[in-house]
Amino acid sequence: MDSNEIWELLDASGQKTGETLKRGDPIPKGRYHLVGAAWIQNSAGQFLVSQRHPNKNNYPYFWECTGGSALSGENSLNGAIREVKEELGIQLSPQGAQMIYRTRRDDLQDFYEAWLFHMDFPSERLVLQETEVIDAKWISDEELREMHKNKILHPYLEYIFQIGLI
């Protein structure tokens, strides 16, 4: 976690307040920050998932799509693209990206926006950020459902079953 990261704060309707916050500082009541996530799907219909580092405070070893908090000046799409570059070493293009899910999570004080990207590349091209990710792989819809059933898929990603992504 980079304690030098600066987040823009949003109000309950998702509008920027003009306030900022240093990552790690408590978020004031009634304020939120922005989170972007990237689901990457290849032409075979597989999704790229990564495994969280064991030193992560929440859900170590769980599998997830890549994402994280948007920095000051970023929207969720730019934040998701940056996180994929940092954690997996892959440069995504915003062209063709489609927002597939948006929600306000009061318990986390954030607005979470998930994006779908279509891209083909071999998993050997991945360069994992050692402090964040210990593994990454392409998986089928069936494998994703199996991860969920076995409770190794990050529980915050259950929306993929509700929105019909798989």
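The values are calculated or read from the model by the stated rules, or taken from the named source; none is laboratory data. Since this is a predicted model, take the numbers as computed values, not measurements. Note that each Cβ is placed from the backbone with ideal geometry, even for glycine, and that neighbours are counted across all protein chains shown. Note: areas computed on protein heavy atoms with side chains; ligands, DNA, RNA excluded. Shrake-Rupley method; radii C 1.70, N 1.55, O 1.52, S 1.80 Å.
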As a test of the formula, what do you get for the chain when each DSSP H run with n ≥ 4 contributes -39,500 (n - 2.57) and the sum is divided by the residue count, at 222 nm and rounded to the nearest 500 deg cm²/dmol?
-4500 deg cm²/dmol
Accessible-area order (highest first, 1.4 angstrom probe) of the listed residues Arg52, Arg102:
Arg102, Arg52
Solvent-accessible area of Lys151 with every protein chain in place, 1.4 Å probe, in Å² to the nearest 10
150 Å²
Per q in 0.18, 0.27, 0.28 1/Å, what log10 I(q)/I(0) does a Debye calculation on the alpha-carbon atoms of the stretch 107-166 return?
-0.93, -1.31, -1.30
Counting only DSSP beta bridges with both residues in the stretch 53-160, what percent are antiparallel, rounded to the nearest 5?
90 percent
log₁₀ I(q)/I(0) of the stretch 81-128 at q = 0.14 Å⁻¹, via Debye over equal Cα point scatterers, no solvent, to two decimals?
-0.46
About its Cα centre, what dipole magnitude does the stretch 5-159 give when the only charges are +1 on Lys and Arg Cβ and -1 on Asp and Glu Cβ, stated in debye to the nearest 20?
260 debye
With every protein chain in place, the stretch 27-106: carbon and sulfur % of accessible area (1.4 Å):
43 percent
Starting from the Cα of Lys85, draw a straight line to each of the lysines and keep only those under 25 Å, dropping any in the same chain fewer than 8 residues away.
Lys22, Lys56, Lys137
With a cut-off of at most 12 other beta carbons within 10 Å, and DSSP calling the residue loop, which GluC sites (Glu not before Pro) in the stretch 101-166 qualify? Please list them.
Glu130, Glu158
How charged is the neighbourhood of Val133? Take every other residue with its Cβ under 12 Å from the Cβ of Val133, and add Lys/Arg as +1 and Asp/Glu as -1.
-4
